[in-house]
Structures are given as C-alpha cells and as structure tokens.
Amino acid sequence: MPKFDMGAAWEDAMLLVRSHLPLTGAIAGVFFFLPSMVTALLGPAPFVPQPDASPTEASAMTFLYLKQLIPWFLLSMLASTVGSIAILRLWLARSGISVGDALMFALLMVPTAIALFAIQMTVFTVAMLALIVPALYLVGRLAVVYPYLADRGTKNPIAALAGSWDLTKGNGWRICLFIVLIMVAILVIVMLVSSITSLFGAYGSPGFIVGSAIGSVLGAGMGLVNTAVIAATYRQLVTRTGQEIFA
C-alpha cells in the first residue's frame, strides 16, 4: 500500500480551496457563517464564571449553559454538515454539476449523515473508554467517510464507513497525524482570535456583534479548509489505490 503523503495532500487541499472559491465560499457563508452568527446573537449568552461562586455553583452554572447550548450546537453542526457535503460534491464530481444540484444532493444525504454521526459517536466513545490510542487510530481510518459518501452517492452509512476503512488501510496513523496537526493549528488560531474578540464588548453590545462576525468568518474559513483537507486526503487515496481519477 503506497504511503500517504501529507505534503502533497496539503498542497492539494489549498488548490481545492482556491478552485471555485466564489461558489464554495458562498456555500460556506450560508452553512458555516450564518449558523455561527445566529447562535452567537440568539443563543445563550457566553458563560462567564462569577469570581465569588463556589466550585459547586460554578459547575452547576456551566452545566446549565452547556444544556442551553446543545440545541444550537446540533443545528449548527447539521447546517455545516450539509454545507460540507455540498462542497465535497462540487469538488469531487467527475462531471459538471451545479450548486443547486450539489445542495439538493447534500439535503437528500441528511438522514445518512445523521446515522453516520450516531454510529461514529458510539464507536469513538467506546474507543475512548478503551484509552485514547484506539480513538486516535479511528480518526485516521474514518477520515474520508464524508468524501466517500459525497463522491459515491451511497446512502448506506455502513458502506461509507467500510469504504473509508478500506481506502485508509496501511495509512491510518499517517492520516491521523495529518488531521490532528491541522486541527491543532486551527484550534490555536481560533483560540487566539477568540481571546482578542472577547475584549470587544459584553454580550449584546456592538463590539460583541463585531467580534462574533469576525469569529464566524474565521470559523467559516476554517470549516472550508477542514473540508478541503479531507477531500484532498480522499483524492490521494483513491488515486494511489488505482481507482478512477477525478475528471
């Protein structure tokens, strides 16, 4: 099995980001940026621990905040999944496809995506309980589930998982390292920008709105990069295993 080339995958990911940017950027704006902004403006206010709160009170307040945030998080995640699948469909299509067709395809894949999420969460939870190493390995082996789904059009979540598992054979740890490095870099950038925008103003103020907009733009950009990374990984694996090359 040919070894996965992280450098080539990153270069291809950046090529994908630049290609059709007006189209994919518009999708990212609708499905990544807008849900983030709606959550920031209409969702629960950011949790700020009170300096005089006891550990028990702080824990209770944190739990309440997370409970209020869950519906908004799930809606944002669903929207970003639809956007990612549509973008993947555009990037991986072997023939010309319109944005409308890509979006319709993504919407029809929502039940499959929900089933995939439930299965993956269960598998990762079990792997985490068996220590972190198995969970990390699964990150590499299941990295191209959504590109596989978007390219092959399968509505069977088990088939998508099996396809990713087959394509990543012999490269699980390399792909895991690649994905983790990208995620760490994204996390550092997001945390840095968040620490700056948090100084713009309190919840509901004009400064807070500006800061939320900056954070949402950054999140949309990072979401686009993340989608490109898994697409590039998939493209390389498919090409190296001698399967059909994308047109």
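The values are calculated or read from the model by the stated rules, or taken from the named source; none is laboratory data. Predicted, not measured: the structure shown is a model, and the values here were computed from it. Virtual Cβ from ideal backbone geometry, glycine too; neighbours counted across all protein chains shown.
Yes or no, residue by residue, for (1) at pLDDT below 90; (2) loosely packed, with under 13 Cβ neighbours inside 10 Å; (3) in a loop (DSSP other than H, G, I, E, B); (4) at positive phi:
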| residue | (1), (2), (3), (4) |
| --- | --- |
| Phe178 | no, no, no, no |
| Leu192 | no, yes, no, no |
| Ala202 | yes, yes, yes, no |
| Gly207 | yes, no, no, no |
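Restricting attention to the range 81-89, does a residue exist that is surrounded by fewer than 13 Cβ atoms within 10 Å (Cβ to Cβ), under 25 Å from Cys176 (Cβ atoms) and within 20 Å of the chain's Cα centre (by Cα)? Checked against the condition, which is being surrounded by fewer than 13 Cβ atoms within 10 Å (Cβ to Cβ), under 25 Å from Cys176 (Cβ atoms) and within 20 Å of the chain's Cα centre (by Cα), the range 81-89 yields no hits at all. In this entry, Asn171 passes the filter for residues that are over 30 Å from Val38 (Cα atoms) and at pLDDT 90 or above.
For the range 43-80, a residue qualifies if it is under 25 Å from Ser205 (Cα atoms) and polar (S, T, N, Q), and the qualifying residues are Gln50, Thr62, Gln68, Ser76. Taking the condition within 19 Å of Leu138 (Cβ to Cβ) and within 19 Å of the chain's Cα centre (by Cα), does Val184 pass? It is true that Val184 is within 19 Å of Leu138 (Cβ to Cβ) and within 19 Å of the chain's Cα centre (by Cα).
Is it the case that some residue within the range 92-109 is on the phi > 0 side of the Ramachandran plot and outside any helix (DSSP H, G or I)? Looking through the range 92-109, none of the residues is on the phi > 0 side of the Ramachandran plot and outside any helix (DSSP H, G or I). So for the range 140-153 (the condition being under 16 Å from the mean Cα position of the chain (by Cα), exposed (fewer than 15 other Cβ atoms within 10 Å of the Cβ) and either within 27 Å of Ala40 (Cα to Cα) or at pLDDT 90 or above (or both)), does at least one residue qualify? Within the range 140-153, none of the residues are under 16 Å from the mean Cα position of the chain (by Cα), exposed (fewer than 15 other Cβ atoms within 10 Å of the Cβ) and either within 27 Å of Ala40 (Cα to Cα) or at pLDDT 90 or above (or both). Note on the range 209-222: among residues that are β-branched (Val, Ile, Thr) and either outside any helix (DSSP H, G or I) or within 23 Å of the chain's Cα centre (by Cα) (or both), the one that is surrounded by the most Cβ atoms within 10 Å (Cβ to Cβ) is Val217.
Taking the range 101-149 as the range and being closer than 19 Å to Leu90 by Cα and basic (Lys, Arg) as the test, no residue passes. Of the residues making up the range 199-232, those that are in contact (Cβ under 8 Å) with a residue 60 or more places away in the chain and among the hydroxyl-bearing types (Ser, Thr, Tyr) are Tyr203, Ser212, Ser216, Thr227. Pairs needed: first member in the range 111-124, polar (S, T, N, Q) and at pLDDT 90 or above; second member anywhere, surrounded by fewer than 16 Cβ atoms within 10 Å (Cβ to Cβ) and not in a helix (DSSP H, G or I); C-beta distance under 9 Å; at least 6 residues apart or different chains. Hits for this filter: Thr112/Lys155; Thr112/Asn156. Restricting the range 155-172 to residues that are within 26 Å of Met104 (Cβ to Cβ) and of a type in the set (S, T, N, Q), the residue that is surrounded by the most Cβ atoms within 10 Å (Cβ to Cβ) is Ser164.
Looking at the range 91-110, which of the residues that are more than 30 Å from Ala135 (Cα to Cα) and among the aliphatic types (A, V, I, L, M) is modelled with the lowest pLDDT? Among those that are more than 30 Å from Ala135 (Cα to Cα) and among the aliphatic types (A, V, I, L, M), it is Ala93.
For the range 145-155, a residue qualifies if it is among the hydroxyl-bearing types (Ser, Thr, Tyr) and in a helix (DSSP H, G or I), and the qualifying residues are Tyr146, Tyr148.
Whenever a residue of the range 168-185 is closer than 15 Å to Trp10 by Cα, its partners that are outside any helix (DSSP H, G or I) and aromatic (Phe, Trp, Tyr), lying with C-beta atoms within less than 9 angstrom and at least six residues away or across chains, give the pairs Arg174/Phe4; Ile175/Phe4; Phe178/Phe4.
Hey, could you check the range 156-176 for residues that are outside any helix (DSSP H, G or I) and within 22 Å of Ala228 (Cβ to Cβ) and say which is nearest to the chain's Cα centre (by Cα)? Lay out the reasoning, then the answer.
Just the residues of the range 156-176 that are outside any helix (DSSP H, G or I), to begin with: 156, 168-171.
Imposing the further condition that a residue be within 22 Å of Ala228 (Cβ to Cβ) reduces the set to 168, 171.
Working: Thr168: 19, Asn171: 21 Å.
The residue in question is Thr168.
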